[in-house]
1. Quick one: count up the residues across the range 7-33 that are part of a helix (DSSP H, G or I) and closer than 18 Å to residue 66 by Cα.
2. Check whether at least one residue in the range 87-100 is more than 27 Å from residue 13 (Cβ to Cβ), in contact with a helix residue (DSSP H, G or I) (Cβ under 6 Å, 6 or more places away or on another chain) and buried (at least 17 other Cβ atoms within 10 Å of the Cβ), and report yes or no.
3. For the range 20-30, how many residues meet the condition of being surrounded by fewer than 18 Cβ atoms within 10 Å (Cβ to Cβ), in contact (Cβ under 8 Å) with a residue 12 or more places away in the chain and within 13 Å of the chain's Cα centre (by Cα)?
4. Looking only at the range 42-67, which residues are part of a helix (DSSP H, G or I), surrounded by 15 or more Cβ atoms within 10 Å (Cβ to Cβ) and in contact with a strand residue (DSSP E or B) (Cβ under 8 Å, 6 or more places away or on another chain)?
5. If I filter the range 31-39 for residues that are buried (at least 19 other Cβ atoms within 10 Å of the Cβ), modelled with pLDDT of 95 or more, in contact with a helix residue (DSSP H, G or I) (Cβ under 7 Å, 6 or more places away or on another chain) and within 30 Å of residue 107 (Cβ to Cβ), do I get at least one hit?
6. Quick one: residue 3 ticks every box in (1) under 12 Å from residue 94 (Cβ atoms); (2) out of contact with any strand residue (DSSP E or B) (no Cβ under 7 Å at 6 or more places or on another chain); (3) outside any loop (DSSP other than H, G, I, E, B) except a single one, so which number is it?
7. Just the residues that are farther than 22 Å from residue 47 by Cβ and surrounded by 17 or more Cβ atoms within 10 Å (Cβ to Cβ), please, taken from the range 68-84.
């Protein structure tokens, strides 16, 4: 676990109110939302980023969770973001997927 904030959330060392949780993943509201709906989908196993992911099933399960959460939040459209590495904007080095929606998304994103 170390200093990983997401591991601390997963292991209940930091209180949170998950919007979804199963044996493989947890989804929480982003504390600094960039859209009216901004969820973080976090695998329970510590994986630094996509470079360290070891299987399609593992990533696929996280990706398939996104439309389910989008439907629960009544989103007709949503954006998914996965930052891998500091230069890409990753600030917490535990793989997580951003689900953003509730407003028009523009391109390029940043």
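The values are calculated or read from the model by the stated rules, or taken from the named source; none is laboratory data. Keep in mind the model is a prediction, meaning the values are calculated, not measured. Note: ideal-geometry Cβ built from the backbone for every residue, glycine included; neighbour counts use all protein chains shown.
1. Qualifying residue count for the region: 0.
2. No; the residues of the range 87-100 include none that is more than 27 Å from residue 13 (Cβ to Cβ), in contact with a helix residue (DSSP H, G or I) (Cβ under 6 Å, 6 or more places away or on another chain) and buried (at least 17 other Cβ atoms within 10 Å of the Cβ).
3. So the count comes out to 4.
4. Those that are part of a helix (DSSP H, G or I), surrounded by 15 or more Cβ atoms within 10 Å (Cβ to Cβ) and in contact with a strand residue (DSSP E or B) (Cβ under 8 Å, 6 or more places away or on another chain): 58, 61, 62, 65, 66.
5. There is at least one residue in the range 31-39 that is buried (at least 19 other Cβ atoms within 10 Å of the Cβ), modelled with pLDDT of 95 or more, in contact with a helix residue (DSSP H, G or I) (Cβ under 7 Å, 6 or more places away or on another chain) and within 30 Å of residue 107 (Cβ to Cβ).
6. (3)
7. 70, 75, 78
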